[in-house]
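Below is one structure, written out as structure tokens; the observations come after it.
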Amino acid sequence: MMTELFRLEDVTFAHNPNVPPVMDGFSLTIEGGRRTAVLGANGAGKTTLFYTLTGVHRPQKGQVLYNGSPIDYTREGLRDLRSDVAVVLQNPDEQIFCSLVEEDVAFGPLNLGIDRDEVEARVEKALRDMRISEYARRPLQQLSGGQRKRVAIAGALAMQPKIMIMDEPTAGLDPQASMEVMELAEKLRLNGVTVLISTHDIDLVYRWADVSDVLNKGKIEFTGDADEFYSDPERVYDCGLLIPSVYGMNKDVSAVNGMDASPYPHSCSEFTAKFGRPSEVGTVYCVPVEEAEAADRYDSVMKDMRGMCTGVYGPDVRYALRERDVEFRFDAVDACFLKAVEGKDTVLFYDPIYDVSVKEQAKRLGAFGADIRTEAVR
């Protein structure tokens, strides 16, 4: 059973009395452990919602509850709240406080009084996860906007929060870095962190989210399964959004073939499984492996599986196998399962924590007619 983390009760917030409220009668529940997407056009109230959840904005009407109790807006109460909740803002310059990269990433944990040795370990790991270790001693002014966004995300990761709020985390990032951000979001979830993501990249978040909260003109327009929301195109467009590519293709191809649109594929492998109707499928050989052993395991495994497509998933194993010959370095779970749908065997190396996600994807494909075999490699 999901636990309730935040509850907003008839919340209204305006920046001053002479302008319309940015949040107008918000009532919303955010549950722990869910992949939550917060969607809406510019000005819909997404950033204001996030500021409200962290106590930066105090509603003029209604209340915000965290773990069943109203937010305590005293200095001590807000400190406790923000030790649990980390935020990555859309504009990274709004949360950069130091001159050097490693100093900025360490800023939050040090302010919480965490031991310096522990902070150093967290900073090193966060920098590597975001592929910016080489910039550790670099002045932030010398970095591009996308690189500063990575620094902001690394700073949030170093906090090791219970709740991660990411406001447009992929804005300004290249496609590979965007995939890494979603990979990290999944890793956080598997570590028990509740993740909320606001993004205009509908296709990216459609694949990831369990629940979507749609904001429109200061109000909650919809909350629930995204497939239900996208079934009403006029409502989607009125909210300033577009229908995800996979959703639209599924609807059109299903109509042409006289098929039910349900179940709704959310990825390329699921779409291909549904309409390709494979007679034979391949096997995904799963190799969950720790970073220190990854290179040796790769060499050992691939001696017996030479010629198969390989993929890596997760920051640790990707780093460890950076010099190995790998076909799929990004979005590798879907890529390897797509090859399996096509009848080809693949080998997937991944950080052990993602084992649950890999098995979930195999199970989902079964609903689309592809009984993909997964075999653990010992």
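The values are calculated or read from the model by the stated rules, or taken from the named source; none is laboratory data. Nothing here was measured: the structure is a model prediction, and the numbers come from that model. Methodologically, a virtual Cβ is constructed for each residue, glycine included, from the backbone with ideal geometry; neighbour enumeration extends over all protein chains shown. Accessible surface is based on the protein model in full, side chains and every heavy atom, while ligands, DNA and RNA are left aside. Shrake-Rupley method; radii C 1.70, N 1.55, O 1.52, S 1.80 Å.
Values for this structure:
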{"read-out": "Members of segment 252-270 found to be in a helix (DSSP H, G or I) and either in contact with a strand residue (DSSP E or B) (Cβ under 7 Å, 6 or more places away or on another chain) or surrounded by fewer than 16 Cβ atoms within 10 Å (Cβ to Cβ) (or both), listed by number", "value": "D252, V253, A255, V256, N257"}
{"read-out": "Residue count, segment 356-378 (criterion: in a loop (DSSP other than H, G, I, E, B) and within 19 Å of E280 (Cβ to Cβ))", "value": "6"}
{"read-out": "Total residues in segment 60-84, condition under 18 Å from E4 (Cβ atoms), in contact with a strand residue (DSSP E or B) (Cβ under 8 Å, 6 or more places away or on another chain) and not hydroxyl-bearing (S, T, Y)", "value": "10"}
{"read-out": "Segment 85-118, residues that are without any contact (Cβ under 8 Å) to a residue 40 or more places away in the chain and either farther than 11 Å from A154 by Cβ or in contact with a strand residue (DSSP E or B) (Cβ under 8 Å, 6 or more places away or on another chain) (or both)", "value": "N91, E94, F97, E103, L110, N111, G113, I114, D115, R116, D117, E118"}
{"read-out": "Helices (runs of 4 or more DSSP H) contained in segment 16-129 and holding at least 2 residues open to solvent by 60 Å² or more (accessible area, probe 1.4 Å)", "value": "75-84, 101-111, 116-129"}
{"read-out": "Near pairs, Cβ below 8 angstrom, 6+ apart or cross-chain, from segment 190-205 (touching a residue at least 60 places away in the same chain (Cβ under 8 Å) and closer than 12 Å to L242 by Cα) to any residue that is surrounded by 24 or more Cβ atoms within 10 Å (Cβ to Cβ) and of a type outside the set (S, T, Y)", "value": "I202/L39"}
{"read-out": "Qualifying residues in segment 146-178 (those that are touching a Gly at 6+ places or on another chain (Cβ under 7 Å) and modelled with pLDDT of 90 or more) - the one most open to solvent (accessible area, probe 1.4 Å)", "value": "M159"}
{"read-out": "When residues of segment 339-353 are limited to those that are in contact with a strand residue (DSSP E or B) (Cβ under 6 Å, 6 or more places away or on another chain) and either open to solvent by 10 Å² or more (accessible area, probe 1.4 Å) or in a helix (DSSP H, G or I) (or both), the one nearest to Y313 (Cα to Cα)", "value": "P352"}
{"read-out": "Selection status of D210, open to solvent by 20 Å² or more (accessible area, probe 1.4 Å), acidic (D, E), under 30 Å from K46 (Cα atoms) and in contact (Cβ under 8 Å) with a residue 12 or more places away in the chain", "value": "yes"}
{"read-out": "Residue within segment 52-60 that is closer than 15 Å to M23 by Cβ and under 20 Å from the mean Cα position of the chain (by Cα) present", "value": "yes"}
{"read-out": "Residue in segment 306-323 that is of a type in the set (V, I, T) and open to solvent by 40 Å² or more (accessible area, probe 1.4 Å) present", "value": "no"}
{"read-out": "Search result, residues across segment 12-25 that are touching a residue at least 24 places away in the same chain (Cβ under 8 Å) and out of contact with any Lys or Arg (no Cβ under 7 Å at 6 or more places or on another chain)", "value": "F13, A14, P20, P21, V22, M23"}
{"read-out": "Failed item, numbered, when F222 is tested on (1) in contact with a Phe, Trp or Tyr (Cβ under 8 Å, 6 or more places away or on another chain); (2) closer than 25 Å to T48 by Cβ; (3) crowded, with 21+ Cβ neighbours inside 10 Å", "value": "(3)"}
{"read-out": "Members of segment 285-305 found to be assigned to a helix (DSSP H, G or I), farther than 12 Å from L348 by Cβ and open to solvent by 20 Å² or more (accessible area, probe 1.4 Å), listed by number", "value": "E291, A292, E293, A295, D296, R297, D299, S300, M302, K303, D304"}
{"read-out": "Hits in segment 130-141 - residues which are assigned to a helix (DSSP H, G or I) and either over 25 Å from the mean Cα position of the chain (by Cα) or crowded, with 16+ Cβ neighbours inside 10 Å (or both)", "value": "S133, Y135, L140, Q141"}
{"read-out": "Residue in segment 307-330 that is assigned to a loop (DSSP other than H, G, I, E, B) and of a type in the set (F, W, Y) present", "value": "yes"}
{"read-out": "Pairs with Cβ under 7 Å, 6+ apart, first in segment 125-153 and without any contact (Cβ under 8 Å) to a residue 12 or more places away in the chain and farther than 15 Å from F107 by Cα, second open to solvent by 20 Å² or more (accessible area, probe 1.4 Å) and of a type in the set (D, E)", "value": "none"}
